[in-house]
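So the structure is just underneath, and the comments pick up after that.
No lab work stands behind these numbers, since they all come straight from the coordinates. Since we're looking at a predicted model, the values are computed, not measured. Using ideal geometry, Cβ is built from the backbone for each residue, glycine included, and neighbour counts are taken over all protein chains shown.
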Amino acid sequence: MPTVKMKVNGKPVTAEVEARTLLVQFLRENLRLTGTHVGCDTSQCGACVVHVNGKSVKACSMLAVMAEGCEVTTIEGLATGNTLHPMQQAFMDNHGLQCGFCTPGMVMTALDIVNRNGNELDEATVRKELEGNICRCTGYHNIVKSVRAGAKAMGSKP
Amino acid sequence: MSATQSGSAAGTGIGASVLRKEDRRFLIGKGRYTDDINVAGQTHAVFVRSPHAHATINSIKTDAARAAPGVVAVLTGTDLAGDGIGPLICGVTVTSDDGQPHRAAVHPALAQGKVNYVGDHVAIVIAETYAQARDSAELVEVDYGILPAVTSTAHATDAGQQQIHDVAPNNMCFNWPFGDKAAVEATFAKAHKVSSLDLVNNRMVTNPMEPRAALGEYNTGTEEITLHVTTQNPHVHRLVLSAFNQLAPEHKLRVVGPDVGGGFGAKIFIYAEELVVGWACRKVQRPVKWTADRTEAFLSDAHGRDHVSKAEMAMDKDGNFLALRVMTNANLGAYLSTFATMVPSYLYAFLLAGQYRTPLIYSEVKAVYTNTSPVDASRGAGRPEATYLLERLVDVCAADMNMDPAEIRRKNFIPKDAFPYQTPVVQCYDSGDYEEALDKALILADYKGFPARAQAAKARGKRRGIGLSSYVEACGIAPSAAVGQLGGGVGLWESAQVRFNPTGNVQVFTGTHSHGQGHETTFAQLINELLGVPIENVEVIHGDTAKTQFGMGTYGSRSLAVGGVAIAKACEKLIAKGKKIAAHALEAAEGDIEFANGNFSVAGTDKAMNIAAVAFNAYVPHSYPAGLEPGFDENAFFDPLNFSFPAGTHVCEVEVDLDTGEVEIVKYSAVDDFGRLVNPMIVEGQVHGGIVHGIGQALLEGCRYDSEGQLLTASFMDYAMPRADNVPSFDVDYAPTVPIHNPLGVKGCGEAGAIGAPPAVINAIANALGIKHIDMPATPENVWRAAHAQQRPGQKAA
Amino acid sequence: MYDFNYHKPGSVDDAIKALRKASDGKFVAGGMTMLPTMKHRLASPSDVIDLGGIKELLGITVKGDTITIGAMTTHAAVAASKDVQRLLPALAKLAGNIGDPAVRNRGTIGGSIANNDPAADYPAAVIALGATINTSKGEIDGDEFFTGMFETALAEDELIISVSFTKPKAAAYMKFENPASRYAIVGVFLAKTNDGVRIGITGATPCAHRGMRLEEALNKEFSTAAVDKVIMPVDKMNADIHASAEYRAHLVKVMTQRAVEACK
């Protein structure tokens, strides 16, 4: 079995995995980082979005071995101690989640949106950028509000 | 009961938009959903499913699979039956027009010689790893004798159709007439005008984002099975699995619904996989875990809706509704799911009065079997079907009478001074002010300004339309006596236990289950309001039969309206007991003790003690009222006297691109009556989600089978879920009334959007195009064809 | 998915060697189609050769009016490239609208073209722009590259190195998306080139192709009215639950007209 080495949320990890192990399986089963979810098998729903080398990817459509040598960030890697990341805080402040299942993917995608589009986001941009993340609970209204507020908050942080 | 009104929007009691207590764990990735749970020695299960919609099973060969690496067991229906595990049940009886109960086909959890839909369960393969289970499932050889499939809702009962179950001749589960047929016919005969409409309520896949999962563990020492499962009602699961499936005695079965990633009805039911996993873990003496992938969810979750109807309204010359006649075929799928029979009957026909005074209503529902996945409750369950039919028909009536859609509604509304209002279809609405909601909605939507906006759109080559939907629904399910009269097998009260710990913090045990609704916050607000305890000192516990008292779970927008009242009643008991304790401690008469804002005080004095101190006294009763039980921990059950009847008017405005048929929702306004709001932020979130669920049904979602019973929409690649760029932001307001039957003054809000939205959207599209009707989902092609008055070849009602 | 041997070669030569050695090897680029296909057990290669470690397949270079995009360049990188935005804004827009942001961070131009999904976007651009596919064996003309549904002119052991596009006078891509998958139900890439109007159509038929009838009409008169008069071959169009052949034929014209408007 291949050995894979990567950094997950800043910590180096090494493991032997079957080549067919998906990154999301590796995170959930091997590392027990169960915040990253699986909501579909066709890379549509976005519940599994994590960052690989700073960019959002669907961890259900990437092999663990493909992340060899990469820096992976999951939802578990965002908060600093007890302090939520401003985007997490924005989701809480704006009721941007209900059942919570799509939430980790939404937050990781939201950060990617901010990275590429900056801190002042209009509604249309956010809605378009969220097309790879499906939520059944919120109707998106408050997710859009959360992403915009989170983006702004990230900009005002020193 | 008198809930005090001290809570203010600025505080943390009733009426305050408190941020959710549950959010933190979800936001940092520490939610604990079923598939997140792993136990020592765990095995993984994969189900072998039928690739055919209808077939006999001639043989199942499992040798190769059993011999594959890592395989622990391969079990079939023979093993299941051999262990005396009973078939899945349907819990509500509907009496057919011949006086007989509905024809219930046997529903084995693993096939017994025959499969009846694609995805039907044939065998379970259990292995050390998921990959091994999946690999070896392919080695199970099943020899099928393929039979013709029945897939059409409209034609399932036609002569010459393939017979699915011997017990149900002509594939008819029940034919259920309701109402005074002769009186309705007489009224139609002399009506000034009859408006009629044929319509399809499209089949939906409920699709909560978390796929279903189950993890079974058997303890050989205690002989107890613990089943972690994606459920909206753990106690109902336990009851049914024990009493009807003989999985284990109720006290030897623990069902846990941990964090559940959305339900919308799909996780109410007791599914084959859950029963089989519970049984198999004992059989193989190892923990067994199964998690559906999305395609399995599409195949094996109960679907929703799927009606084909004809609706007719008789009117007088002024547009007053005189009588309504509805003929519906409802598809129940291949077997009866847990509450399948109730959905197109009691939850449908009893809502056909809508917000109107229509004095006579007759409906006839033919519920049919087909070789498709079972159909059961899905967000709204019966009420969206009734509302869609009625609110679409009302727009046709308006057009036929040359009246404004708002005005024909207003004319026929039940007036606000007529409540409580007994409809001709069983329900007695307890409160409502439909005209106020309509007026507010028209202002919110700028209905008056619509013609100018339509004109401007036309100048841009687009077509604008505006559509109304004035819905009423019955939720807060339900009075047990009513359920029993209707053939339901359960009581639908709810329970609560409110326990003070000696240090003054509070644990609330509820029989409801939160899977997105925010109970941990809303119920803490109730405690704050009623007992004056800070919400951070309140923990709400649900979802584990080993922790909470028996309860009926969450569906039918019942958690606050029924479960919340049970909590309030437990609080009342605590206050009553607290007065005794405080009277003793404060050396006053019990009758002089007042309770407010968390303090027991002696009237007219400054002598007081707070509720935490009272609780401490109750657990350390060194100086305590004689004869009073120690402890500060009360139980309550609440069985409502009536449903709750949320209502409102939704207004949708669309712009149609005639070149492509694309529909853009440019504005959506909703004014709802949910009674008193405990947490307006959470309520508004429920409204948003419900509306988008309804918009999904109206524009995007449609479950399709081919004539051989293959599901063509079995993944998100083919089944269009609403996404952020399909919908706008919403304008939401309220027109509350006081529901006289609810002690807290609350109504349910979880389903209203999904009920109100579909007709509002379709009415808007019909208005934009100047057409009578278009079926859902109004996809771009269908809209384009409607706009250009073309019928898609081969496109007929299901 | 079935298990397989995984290889991550550092050069094109090593990649081809690995493929030749395998009993049933497959190159994988971003994996956005390949991995879901394997997850559904619709493909079961013995060996997966990951092209993600080959530096020579990366990068965007400009020479005069020609822009060359390395096969492993992601859709996100193409969309964000200042060079692509300057020389071929229509291509940048196309790339920026494939899938969703996370898919664009993994999916590559080479993978998309080699896979030739009937509803993929890039094939329309390759055809309309008369791109050149530079491979490990030589060059393949864009017009000759797409040979059928999921089929291309690539040999089994041939690897796309890069794709070269020449700046047109004007170009636009108009896509009508499948509401579920967000793939193209119909996508029309229109380019005004020195050789006249060229149109690449995707989604409409089993394989992306040139819109000869539309080109002919637009070369006579570059107007939306000219498109109106073209009779589309409805019988050649795909039909599925999302769109009938007739609707697809209609959409081809509407998307073409929108592209014409955008190129005016």
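A few comments on the model shown:
- Farthest toward positive dipole pole in the range C:170-263 [+1 Lys/Arg, -1 Asp/Glu at C-beta], among C:199, C:232, C:179: C:199
- With both residues required to sit in chain C, DSSP beta bridges show an antiparallel share near 85%.
- Chain B: calculated mean residue ellipticity at 222 nm from DSSP helix runs of at least 4, using -39500 (n - 2.57): -7500 deg cm²/dmol
- Ranking C:49, C:38, C:18 by Cα position along the charge dipole of the range C:5-50, where only Lys, Arg, Asp and Glu carry charges on their C-beta atoms, puts C:38 farthest toward the positive end.
- Averaging the sequence gap over all C-alpha pairs within less than 8 Å and six or more residues apart, then dividing by the number of residues, gives chain B a relative contact order of 16 percent.
- Computed over chain C, the alpha-carbon pair-distance distribution with 10 angstrom bins reads 7, 31, 36, 19, 6, 1, each value a whole percent.
- Inter-chain Cβ neighbour average for residues B:31-37, partner chain, 10 Å: 4
- Based on the Stokes-Einstein relation at 20 °C and a viscosity of 1.002 mPa s, and on the Kirkwood radius from alpha carbon pairs, the range A:3-77 is assigned a translational diffusion coefficient of 180 µm²/s.
- Options B:215, C:189, B:641, ranked by Cα towards positive dipole end of the protein assembly as shown, top entry (Cβ charges): C:189
- Averaging the sequence gap over all C-alpha pairs within less than 8 Å and six or more residues apart, then dividing by the number of residues, gives the range A:3-77 a relative contact order of 41 percent.
- With the helix formula -39500 (n - 2.57) applied to DSSP H stretches of n ≥ 4, chain C reaches a computed 222 nm mean residue ellipticity of -9000 deg cm²/dmol.
- Cα principal axis extents for the protein assembly as shown, largest first, Å: 100, 75, 70
- Local electrostatic count, residue B:384, Cβ distance below 14 Å [Lys/Arg +1, Asp/Glu -1]: -2
- Dipole magnitude (debye, nearest 20) for chain B, charges at Cβ of Lys, Arg, Asp, Glu: 440
- When only alpha carbons are used to place a centre, the range B:571-622 and the range B:131-198 end up 62 Å from one another.
- Dimensionless Rg/Rh of the range C:59-166 - Kirkwood Rh, Rg from C-alpha atoms: 0.93
- By the rule of a C-alpha distance below 16 Å, with chain neighbours fewer than 8 residues away ignored, the aspartates and glutamates paired with residue B:366 are B:97, B:98, B:158, B:198, B:306, B:376, B:385.
- Span per principal axis, largest first, for the Cα atoms of the range B:301-445 (Å): 45, 30, 29
- Take the Cβ atoms of residue A:115 and residue B:251, set R0 to 56 Å, and the FRET efficiency comes out at 0.55.
- The long axis of helix C:12-21 is offset from the longest Cα principal axis of chain C by roughly 70 degrees.
- Relative to the compact-globule estimate of 2.2 N^0.38 Å, the Cα radius of gyration of the range B:1-151 comes out at 1.62.
- Mean separation of Cα contacts under 8 Å, 6 or more apart, over the residue count of the range A:86-156: relative contact order %: 56
- Neighbourhood net charge (15 Å Cβ-Cβ; Lys/Arg +1, Asp/Glu -1) for residue B:548: -3
- In chain A, helices alone account for a calculated mean residue ellipticity at 222 nm of -9000 deg cm²/dmol, with every DSSP H run of four or more residues adding -39,500 (n - 2.57).
- The charge dipole of chain A, taken about its Cα centre with unit charges on the Cβ of Lys, Arg, Asp and Glu (plus for the first two, minus for the last two), comes to roughly 160 debye.
- Charge tally around residue B:664: other residues with Cβ under 9 Å, Lys/Arg +1 each, Asp/Glu -1 each, net -2.
- Diffusion coefficient, µm² s⁻¹, Stokes-Einstein with Kirkwood Rh over alpha-carbon pairs of the range A:86-156 at 20 °C and 1.002 mPa s: 186
- Reference-scaled alpha-carbon Rg (2.2 N^0.38 Å with N residues) for chain B: 0.98
- Violating pairs (Cα-Cα greater than 24 angstrom) within the set B:317/B:440; B:30/B:283; C:137/C:192; B:252/B:283: B:317/B:440; B:30/B:283; C:137/C:192
- Cα centroid separation, the range C:231-264 to the range C:97-133: 20 Å.
- Convex hull projection area averaged over all views, the range C:5-50, Cα basis, nm²: 2.9
- Integer Hz, Karplus 6.51/-1.76/1.60 couplings in order for the range B:149-161, x for Gly and Pro: 9, 10, 10, 8, 4, 6, 10, 4, 9, 4, 4, x, 5
- The simple Förster model, with R0 at 60 Å and r as the Cβ-Cβ distance, assigns residue B:426 and residue A:5 a FRET efficiency of 0.35.
- The dipole here belongs to the protein assembly as shown: it is taken about the Cα centre, uses +1 on the Cβ of Lys and Arg and -1 on the Cβ of Asp and Glu, and is about 1700 debye.
- With a simple spin-label model that places each label point 7 Å from the Cα along the Cα-to-Cβ direction, the separation between residue C:225 and residue B:603 comes to 9.1 nm.
- Projected label points at residue B:244 and residue B:310, each 7 Å from Cα along the beta carbon direction, are separated by 3.4 nanometres.
- Spacing of the two label points (7 Å from each Cα toward its C-beta) at residue C:46 and residue C:156, in nm: 1.0
- Extents of the range C:170-263, largest first, come to 38, 23, 21 Å (Cα atoms, principal axes, whole angstrom).
- The per residue volume of the convex hull around the alpha-carbon atoms of chain A is 107 Å³.
- Qualifying aspartates and glutamates (Cα of each under 15 Å from Cα of residue B:579; at least 8 residues distant if same chain): B:587, B:590, B:592, B:594, B:629, B:633, B:634
- Stokes-Einstein translational diffusion, the range B:687-750 - Kirkwood Rh over all Cα pairs, 1.567 mPa s, 4 °C, in µm²/s: 87
- Of all lysines in the structure, those lying under 29 Å Cα to Cα from residue B:573, and not within fewer than 8 positions of it along the same chain, are B:21, B:547, B:607, B:747.
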